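Enquirer: The structure under discussion is supplied below as structure tokens; questions concerning it will follow.
Derivation of every value follows stated rules applied to the coordinates shown; laboratory data play no part. Not measured: the values here are computed from a predicted model. As a convention, Cβ positions derive from the backbone with ideal geometry for all residues, glycine included, and neighbour counts pool all protein chains shown.
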Amino acid sequence: MQAEFWRDFPILQEQIQGEPLVYLDNAATSQKPQMVLDALNQYYRTSNANVHRGVHSLAERATIAYEIARDKVADFIGANRKEIIFTKGATAGLNIVATWAERLLKPGDEVLISIMEHHANLIPWQQVCQRTGAKLVYVYLKDGQLDLADLKTKLNANTKFVSIAHVSNVLGCVNPVKEIADLAHQVGAYLVLDAAQSVGHIALNVADLACDFMVFSGHKMYAPTGIGVLYGRKSLLEQLPPVEFGGEMIASVSEQDASWAELPYKFEAGTPPIAEAIGLGAAIDYLNQIGLSKVTAHEANLIAYLLPKLQQIDGLTLYGPKDRQNRLGVFSFNLEGLHPHDVATALDYQGIAVRAGHHCAQPLMTYLGTNATVRASLACYNTKADCDRLISGIQATKEFFNGLI
Ligand code: PLP
């Protein structure tokens, strides 16, 4: 039976170029269900005020709603509420962790990342390594996914941080995080997990994953833009200094000095993204209402359906693992002789939204020997009919350009 989650997402009723929209750019951002739209509307209509500041009733309503959202996030990833720092998104979270790392790293130390990292989990480490004299070391691929043997040879007593994507935004492979975390901990390194592409698709439990830090963005899991989460193990966060200053992150301030509020507030300077956090809470409610395991199973069915169909297309090169084990719904490909932007434009003419470009993973593109790929990525509201539209859209694109050549 086909899941009908798509009915919950008003934008999916849109027509694009006269065709019903097939939205397959979910790795860039997901669409928002009515429940999230309603939560935002409701907040602004009934509760809008600044948090943690006022004693008036609206301020209290806003503060309660904002803090309830934090509880929902904590439950969602199996964390303590003090370990949940609201940020702008995954990028902001990774930059904060890298700022902390800068205090620790010295010449001779190593930071281990993989060649598949999004620039958000690469450039902050490049910068920190350049400033501290630490070395940025890469793990490469085998069979379209992370080469664990390569990781094992590169981990050593100098490794201080291992920062890795849970799921690649290009290859779609799911990395064995728990195993990597255990290996990292054996050499005394911290494990930083970029969960931007796994959140909302598969369960995330920080204890099971054994990560020290984890980041994700709300907008990729049906929540608004402008909100993300940085999880940090409480014992670590307690020792770490604030990165931004001002607003309610203080315990007290004198003319020449200040002391910090307790966790997590010492890391949330200034007015936070209140409505967005409440929207994130609503997105979690939405996923809990469906049941995340049902979403995972639905997407797994679509992956099993789409993967062989893509692999059968003549002249299509698909990147990432060849089988559906260890794969989520991110399919990067190229069509022989065609530029990815032309393919994406041709698909858009048929109402199909996919991404084309380097996907903020230029070192990976270089490693794969290409400048860019087309990327189709799934979310809970996609259907087998969407997959069929993609396949026939690719065939039509090939025929169209072959006719021109
Ligand atoms: N990490 C990965 C794997 C991503 O795919 C992305 C966004 O595409 C990010 C980090 C950055 O997320 P954001 O732009 O929401 O901060």
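Enquirer: Evaluate the charge dipole of the range 38-288 about its Cα centre and quote only its size in Debye, nearest 20, assuming +1 on the Cβ of each Lys and Arg and -1 on the Cβ of each Asp and Glu. It would help to have the intermediate numbers written out before the result.
Expert: Numbers: 21 positive and 27 negative charges, 41 e Å.
With Lys and Arg at +1 and Asp and Glu at -1, about 200 debye.
Enquirer: In nm, what is the difference between 0.36 nm times the number of residues separating Arg81 and Glu248 and their Cα-Cα distance? Write out the running numbers ahead of the final one.
Expert: Working: separation 167, 0.36 × 167 = 60.12 nm, distance 1.73 nm.
Between Arg81 and Glu248, full extension yields 58.4 nm more.
Enquirer: How large is ³J(HN,Hα) for each residue in the range 177-189, as worked out from phi by the Karplus curve 6.51 cos²θ - 1.76 cosθ + 1.60 (θ = phi - 60°), to whole Hz, x for Gly and Pro?
Expert: 4, 4, 4, 5, 4, 4, 5, 4, 5, 4, 9, x, 8
Enquirer: Once you've got the Cα coordinates, tell me which of Lys106/Lys135; Lys88/Lys220; Lys220/Lys322 are over 21 Å apart.
Expert: Working: Lys106/Lys135 9 Å; Lys88/Lys220 13 Å; Lys220/Lys322 25 Å.
Correct reply: Lys220/Lys322.
Enquirer: A follow-up question, please. Strictly over 24 Å apart at the Cα level, which of Lys82/Lys294; Lys32/Lys384; Lys72/Lys234; Lys72/Lys294; Lys72/Lys266 would you flag in this model? Intermediate values should be presented prior to the final figure.
Expert: Working: Lys82/Lys294 29 Å; Lys32/Lys384 20 Å; Lys72/Lys234 17 Å; Lys72/Lys294 19 Å; Lys72/Lys266 20 Å.
Beyond 24 Å between Cα atoms: Lys82/Lys294.
Enquirer: Pairs of alpha-carbon atoms within less than 8 angstrom and 6+ residues apart define the contacts here; what relative contact order does the chain have, in percent? Present the calculation step by step, with values, prior to reporting the outcome.
Expert: On the way: 808 pairs, mean separation 93.5, N = 405.
Worked out over the chain, it gives 23 percent.
Enquirer: Cross-link partners among aspartates and glutamates for Lys142, C-alpha distance below 13 Å, same-chain residues fewer than 8 apart left out?
Expert: Reachable aspartates and glutamates: Asp150.
Enquirer: For Lys135, which sequence-distant residues (separation of 5 or more, or a different chain) have an amide H within less than 5 Å of its own amide H, given hydrogens modelled in the peptide plane?
Expert: Sorted by chain and number, the residues that satisfy this are Gly108, Asp109, Glu110, Val111.
Enquirer: Please check the chain for the longest run free of GluC sites (Glu not before Pro) that are loop-located per DSSP (anything but H, G, I, E, B) and have at most 16 other Cβ atoms within 10 Å.
Expert: Details: sites that count: Glu4, Glu14, Glu244, Glu255, Glu262, Glu336.
Here the longest segment lacking exposed loop sites spans 15-243.
Enquirer: Right, another one. Could you calculate, for the range 38-288, the ratio of the Cα radius of gyration to the Kirkwood radius, expressed as Rg to Rh?
Expert: 0.99
Enquirer: Could you please report the charge total around Thr397, scoring K, R as +1 and D, E as -1 over all other residues with beta-carbon less than 11 angstrom from its beta-carbon? The partial results should precede the final answer.
Expert: Numbers: positive: Lys398; negative: Asp342, Asp348, Glu399.
Residues near Thr397 contribute -2 overall.
Enquirer: For Ser114, enumerate residues with amide H under 5 Å from its amide H, sequence gap 5+ or separate chain, H modeled in the peptide plane.
Expert: Placed amide hydrogens put Val139, Ala165 under 5 Å from Ser114.
Enquirer: In whole Hz, what ³J(HN,Hα) sequence does the range 163-175 give by Karplus (6.51, -1.76, 1.60; θ = phi - 60°), x for Gly and Pro?
Expert: My calculation for the range 163-175 gives 10, 9, 6, 5, 9, 6, 7, 10, 8, x, 6, 9, 7 Hz in order.
Enquirer: Right, something else. In whole Hz and in residue order, list the ³J(HN,Hα) couplings for the range 9-14 that follow from phi through the Karplus curve 6.51 cos²θ - 1.76 cosθ + 1.60, θ = phi - 60°; x for Gly and Pro.
Expert: 10, x, 5, 6, 7, 5
Enquirer: In the range 38-288, what percentage of the DSSP-assigned beta bridges are antiparallel, given to the nearest 5? It would help to have the intermediate numbers written out before the result.
Expert: On the way: 15 of 31 bridges.
Close to 50 percent.
Enquirer: Using modelled backbone amide H atoms (1.01 Å from N, in-plane), which distant-in-sequence or interchain residues come within less than 5 Å of Arg327's amide H?
Expert: Under 5 Å from the amide H of Arg327: Val174.
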